[in-house]
């Protein structure tokens, strides 16, 4: 919806023969772009709220309702069950996000302007992944898709700690907002006189729209691809630690329940 709004807002520019679709493609990815800031902001947060729930909503609901025990028995392994859950979630999230980007490209190409990679793009004047416009375009689609998959996996990992199904429905919005507000506040202290890569590493925008959104008032003095790599490593480690810790807690809880059951049976037999 937001790309249709952007095309309508920029319709007068179509009279310019030098215009290309690249700038609109990148600007439509950023929050509060275009004239209708409210609509573009709502569509922007759609990535945080809806995409992580495409598949994960079912296994989390099954976990909270304790229905997953039967599914784990069917898979014959707790570990294998959750490996399949995370793999399926990653695959469906990646396919859905890739489809969205392709629809965006087609709408811009046929209803706004064709993409031109030999014309200067001022959107990438200071912050980019590659200086070559075509390579940057391909890298952006691939990296943003991987970033969205990682964010969706992070939300699923957080969901394993929750006991309330309704809270999980808003967890993408809560986590996404915190992952943008906290680095921005951090940047206010670090980037008073110059730009710094440190706040960008923790900022979620670096992960899902790499090379587009920079923090602070100063132009970045580092490559957007480098910031993305550090950000991807950070969120990968965070996600892995959350998954590993939750699996260890589940294992401990299972042993504790088994111990209590065995103890209860022993006491019953002793009384008999």
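Readers should treat all values here as calculations from the given coordinates under stated rules, not as data from a laboratory. It should be emphasised that the depicted structure is a prediction, and the values quoted were computed from it without experimental measurement. Reconstructed Cβ throughout: ideal geometry from the backbone, glycine too, with neighbour counts over all protein chains shown.
Each of 70, 170, 191 has some number of other Cβ atoms within 10 Å of its Cβ, and from fewest to most they run 70, 170, 191. The order of 239, 175, going from fewest to most other C-beta atoms within 10 Å of their C-beta, is 175, 239.
The slack between residue 101 and residue 185, meaning 0.36 nm per residue of separation minus the straight C-alpha distance, is 27.2 nm. Averaging 1/r over every pair of different alpha carbons in region 63-191 and inverting the result gives a Kirkwood radius of 18.2 Å. Between residue 252 and residue 163, the contour length at 0.36 nm per residue exceeds the Cα-Cα span by 30.3 nm. Taking the number of Cβ atoms within 10 Å of each Cβ as an exposure proxy, the fewest-first ranking of 189, 45 is 189, 45.
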